[in-house]
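These notes are about the structure you will find just below.
The values are calculated or read from the model by the stated rules, or taken from the named source; none is laboratory data. These numbers come from a predicted model, not from an experiment. Using ideal geometry, Cβ is built from the backbone for each residue, glycine included, and neighbour counts are taken over all protein chains shown. We work out accessible area using only protein heavy atoms, side chains counted, and drop any ligands, DNA or RNA first. Shrake-Rupley method; radii C 1.70, N 1.55, O 1.52, S 1.80 Å.
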Amino acid sequence: MSNPLLALPDLPAFDKIKAEHIEPAIDTLLAQCRETVERLLAENGQYSWANLIEPLADQDDRLHRAWSPVSHLHAVADTEPLRKAYNACLPKLTAYSAAMGQHEGLYRAYKQIAESPGYDTLDPAQKKTIDNALRDFRLSGIALDEEKRARYRAIKQKLSAAQTKFEENVLDATHAWTKHITDQDLLKGLPESVLALARQQARREEKAGWVFTLDMPSYLPLMQYVEDPALRREVYAAYVTRAAAADTGASQWDNSEFMVEIIRLRRQLAGLLDFDSYADYSLESKMAKSPAEVLAFLQDLAERSRPVAQAELEELQEFARQSAQLDSLAAWDLAFYSERLREHKFNFTQEELRPYFPAPKVLSGMFAVVARLYGLDINEKSGIAAWHPDVRYFEIHDEEGQLRGAFFLDLYARAHKRGGAWMDECVVRKRSGTRLQHPVAYLSCNFTPPIGNDPALLTHDEVQTLFHEFGHGLHHLLTRIDCPAVSGINGVPWDAAELPSQFMENWCWERAALDLIAEHYQTGAALPDALFNKMRAARTFQSGMQMLRQLEFAVFDFRLHHERRGETAADIQALLDEVRARIALIIPPAYNRFQNSFSHIFAGGYAAAYYSYKWAEVLAADAFSKFEENGIFHRATGREFLHAILEQGGARDPMELFIAFRGRRPDTEALLRQAGILTQGTGAST
């Protein structure tokens, strides 16, 4: 049988990928990549875009298109054979990347092009590709002696393996825990939709009653609605000790030592390259220019948010005292009483909204929103092989009828799929001669699946999550940049990458947009004005507390990577305790091991960069304020955002792009006003 990973059709042949195909295919492609590099360097004395960089981009694209479906399957349909093949290939790919980053001949060739007269004739995307490559050579240790280069490569190998193991431990620990309940009295308070999901899970396991998991569609409603505090405490303890050694004994998925190793290796990597810290190393490719700038930004938000958060917490504590005679709130009480307070203040529940957000209507409405903003036409295409029956495939055409890109949509939580929501690249836009390769994306969420004959009914939070990931997808798919290194999301500084995604969330709160995405799944009725007004009034509910929680994570991440901390698991915990003492209003129980499942920074791309969420929120809130001024479906403004931000990829500096759209630099107060932390008129604290 031919190897589908070597055939490389326009789309991955997911139905034909077998674990035994993976390692041989990657070995072959890596060998071809190395041969291509050496051949191109040998054939040419004077290097150019056409005779070096473009053919290298073609070869790297072949490797990416082979590895992308494997990496994606590891995240959404993990099996033991697939995991084994993935882990066998990862060090080989890491070694190849490190070797190319330290390849003297390749570096000299890029440097020659950058210093040649021909550089000035290149377009901005081509110049940015070369400039970024030279920066990355430096960050890969090109200036090191051979002994230190070898050490750099070894560190990268170990880091890659440790980060992968961290993520696998979180996945395995999450799916290892279930709670089987047969006594319905224990489940008082749970909405029928949550009970139905748990019944469906129990039937799958051939059990009576209800089965709950630590996946978010199961876990969060338990914390928000179950009246029994003992059950809430049990579930909370299971969730916050995932991938940690619990008090009852060591866990086989304990991430404590992996955290220590990851921090140690990152510090060594930064030190080899003469950076004071890994945070300094990380900021070399970010919008923010120094650790002091990041910490000052986070401190300013914390100081301005804290009075509002303090008032919110006091209100919650008083509500718990008055309604339940509760003198103090435990960690497992917060979500429960916050939801009761929301219901009390605004006279509606999140569950009342769910029938108005059936997934099919939300999807069609979301597509209608971007049709009005950007002139896009999005249609489903059948007959495309995927990895699960729930997965759907869509194509995007612009108002001239031109194909712009396509995406796979995987909405629902299930076993062997990692938690959270994300967008990732399947295929990157690239032009070779007259042939244009259109971009393809993966959009993955973990929503409550359909139950029985009803469609999936989303919470409003889930609707926002979908819009968020779709915003990332549009950034990848609508690019007009043909150089893959800076096409779509590539080459975009990490602290600017969340701008398009957070920007899209705003339409989930606008009446004109909700008329497109909200419709009762049984009656077809629009979202009632009364319910909409309550939802809008509740938009900034506990926004100060939420702001401080995100800032707690961001400061912990940045200090961990900036200071000489984290040499033991106890020291990581001590630093987190210090950050909480300065920022958090609520200190969790001593057994809480949030950090052991903090995949964003220990396994993802947010190391010394979790601040990016807040940084980009400022950009997003300020960008949306232009639509508030002109109209949320103002066609000219929509096209300005499309042309200035979404189409530009990483080919230009993001601050330059923002100023081109907004006419000025971003204003932090736009976010604080949107969150209700500043009043709209005066700018003073509320």
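Here are some pairs, K207/K417; K111/K286; K18/K165; K92/K417; K158/K430; which of them have Cα atoms lying more than 26 Å apart in this structure?
Beyond 26 Å: K158/K430.
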* Nearest 10 degrees, 0 to 90: what angle lies between the long axis of helix 229-240 and the longest principal axis of the chain (Cα atoms)? -> 10 degrees
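By how many nm would the segment from W422 to A636 grow when fully extended, if each residue of separation counts as 0.36 nm and the alpha-carbon distance is taken off?
Result for the pair: 74.1 nm of gain on full extension.
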* Asked: What nm value, rounded to one decimal, do you get for the distance between R549 and D653 when each label is placed 7 Å out toward the C-beta?
  -> 3.7 nm
* **Between helix 569-583 and the chain: long-axis angle, C-alpha atoms, 0 to 90°, nearest 10** => 60 degrees
* Using the Kirkwood formula over every pair of different C-alpha atoms, what hydrodynamic radius in Å results for the range 444-530? -> 15.0 Å
* 3J(HN,Hα) from dihedral phi, the range 309-321, Karplus parametrisation 6.51/-1.76/1.60, rounded to Hz, x for glycine, proline -> 5, 4, 5, 5, 5, 4, 4, 5, 5, 5, 4, 5, 5
* Part-to-part distance (alpha-carbon centres) for the range 512-588 and the range 364-402, which is given in Å -> 30 Å
* With runs of 4+ DSSP H residues as the only contributors, calculate the mean residue ellipticity of the chain at 222 nm using -39,500 (n - 2.57) per run, divided by the residue total and rounded to the nearest 500. => -18000 deg cm²/dmol
* Structure fact -> The convex hull of the Cα atoms of the range 314-363, divided by residue count, gives a volume in Å³ per residue of 97 Å³
* Protection proxy ranking, peptides 538-547, 226-235, 605-614, 139-148, average beta carbon neighbours within 10 Å, highest first -> 605-614, 538-547, 226-235, 139-148
* Roll a 1.4 Å probe over the protein chains and send me the accessible area per residue for the chain in Å². => 41 Å²
* Which value results for Rg/Rh of the range 48-142 when Rg is the Cα radius of gyration and Rh the Kirkwood radius based on the inverse mean 1/r? -> 1.08
* When the convex hull of its Cα atoms is projected in every direction, mean area for the range 170-285 (nm²) -> 10.2 nm²
* Asked: Which semi-axis lengths, in whole Å and largest first, follow from the square roots of five times the eigenvalues of the Cα gyration tensor of the range 447-488?
  -> 33, 10, 6
* **FRET efficiency, 1/(1 + (r/R0)^6) with R0 51 Å, evaluated for D10 and A530 via beta carbons** => 0.55
* Descending semi-axes in Å of the range 390-481, equivalent ellipsoid built from Cα gyration tensor -> 28, 13, 12
* Compute the long axis of helix 460-477 from its Cα atoms, compare it with the longest principal axis of the Cα atoms of the chain, and write down the angle in degrees, 0 to 90, nearest 10. => 10 degrees
* Asked: If you project the alpha carbons of the range 149-207 onto their three principal axes, what span does each projection cover, largest first, in Å?
  -> 62, 24, 16
* Asked: Rounded to two decimals, what is Rg over Rh for the range 176-239 when you use alpha-carbon atoms and the Kirkwood radius?
  -> 0.91
* How large, in Å, is the chain by the Kirkwood hydrodynamic radius built from its alpha-carbon pairs? -> 26.6 Å
* To do: Could you please state how large a percent of the accessible area of the range 584-686 is carbon and sulfur, counting protein chains only and using a 1.4 Å probe?
  => 50 percent
* Structure fact -> The Cα radius of gyration of the range 291-444, divided by 2.2 N^0.38 Å with N its residue count, comes to 1.55
* Starting from 0 in steps of 10 Å, tell me what percent of the Cα-Cα pairs of the range 573-624 lands in each bin. => 20, 39, 32, 9, 0
* To do: May I ask you to list the residues of the range 485-522 whose amide nitrogen lies under 15 Å from a point 7 Å from Cα along the Cα→beta-carbon direction of S285?
  => 485-498
* Taking the Cα centre of the range 116-180 as origin, sum charge times position over the Cβ atoms of Lys and Arg (+1) and Asp and Glu (-1), and report the length of that vector in debye to the nearest 20. => 220 debye
* **Inverse mean reciprocal Cα-Cα distance (Kirkwood Rh) of the range 75-209, Å** => 19.9 Å
* Asked: Residues of the range 161-187 with amide nitrogen under 16 Å from the 7 Å Cα-to-Cβ point of A237?
  -> 177-180
